[in-house]
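The values are calculated or read from the model by the stated rules, or taken from the named source; none is laboratory data. Because the structure is a prediction, the values reported are computed rather than measured. A quick note on method: Cβ atoms are made from the backbone with ideal geometry, for glycine too, and the neighbour counts reach across all protein chains shown. Ligands, DNA and RNA are excluded from the accessible area calculation, which covers all protein heavy atoms including side chains. Shrake-Rupley method; radii C 1.70, N 1.55, O 1.52, S 1.80 Å.
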Amino acid sequence: MKDSQLDLNFLNEEKYFNFQFEDWYGANIGLKGKGRKFVLENLLRIHNEWDVQLQKLNYEYYLAVWLYDPRLELSEIVCCIDSKIDYYENEVFLESKKTKNFVPDNFRPFEHQLADLSWTRKVDLEATFEWEIEWPKEQYGSNKDYFTHQRFYKKLKENSYRVIENEDGKVYFRLMGDVWIGKK
């Protein structure tokens, strides 16, 4: 998979580099059977290849598998250096309030390879922006689509996991599952 090669020039310029399956293979890569095996097998392979390359550079780096569960297709390998390390270590995801350990046996036949990493549980959130909620009715394809979306947005506002407000308006976050951060 040439598309998964670590781009050291990009890493040195931007201080981060990542490979996300959905970017290359789409959201319908598959969460079961061959698709699931493909994602897990390549997450581990890419992580190991990048780790070997980064060790040769002889400087501090962050390298992790971000394993989304159940949204496996969003899983990625993330690498950063220098000023970005603290951000990726501490700020990208919210801590999970639930106490649950990573269970490698849930990811057979890769449980032994996954058990070689240390795992931290974070929260997988999906953002919906206020401008999406306020999208004009006339812009929808049909009244049915408009009312379907409005019902969804009403529930989202009532049951959001988190809401933040910034200069662009409110952002509503709904809980989608876990993100397991795996590092050596």
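Between ASP7 and THR120, the FRET efficiency estimated from the beta carbon spacing at R0 = 22 angstrom works out to 0.25.
Taking segment 88-110 and a reference point 7 angstrom along Cα→Cβ of LYS37, the backbone N atoms nearer than 18 Å belong to 105-110. The GNM of the chain, with springs linking C-alpha atoms under 10 angstrom apart, assigns the highest mean-square fluctuation among GLY141, GLY169, GLY35 to GLY141. Springs join every pair of Cα atoms under 10 Å in this Gaussian network model of the chain, and among ASN143, ASN101, ASN90 the largest mean-square fluctuation is at ASN143. Computed from label points 7 Å out along Cα-Cβ, the spacing between ALA127 and ASN18 is 1.1 nm. Here the extension length gained between LYS184 and ARG162 equals 4.9 nm, from 0.36 nm per residue of separation less the Cα-Cα distance. Full extension of the chain segment joining ASP105 with GLU134 gains 6.1 nm, where the gain is 0.36 nm per residue of separation less the Cα-Cα distance. Accessible surface ranking for GLU73, GLU138, 1.4 angstrom probe, highest first: GLU138, GLU73.
A probe of 1.4 angstrom, applied to the heavy atoms of all protein chains, finds HIS149 with accessible area near 70 square angstrom.
Only Lys, Arg, Asp and Glu carry charge here, each on its Cβ (+1 for the first two, -1 for the last two); on that basis the chain has a dipole of about 980 debye about its Cα centre. Lys-Lys pairs in segment 1-128 that are eight or more residues apart or on separate chains and whose Cα atoms lie under 19 Å of each other come to 7. Taking only the Cα atoms of segment 44-88, the radius of gyration and Dmax are 11.6, 35 Å. Using the alpha carbons alone, the radius of gyration of the chain stands to its Kirkwood radius in an Rg to Rh ratio of 1.02. Over segment 71-142, Cα pairs under 8 Å with separation of 6+ residues give a relative contact order of 28 percent.
The Cα-based radius of gyration and maximum Cα-Cα distance (Dmax) for segment 65-145 are 18.3, 54 Å.
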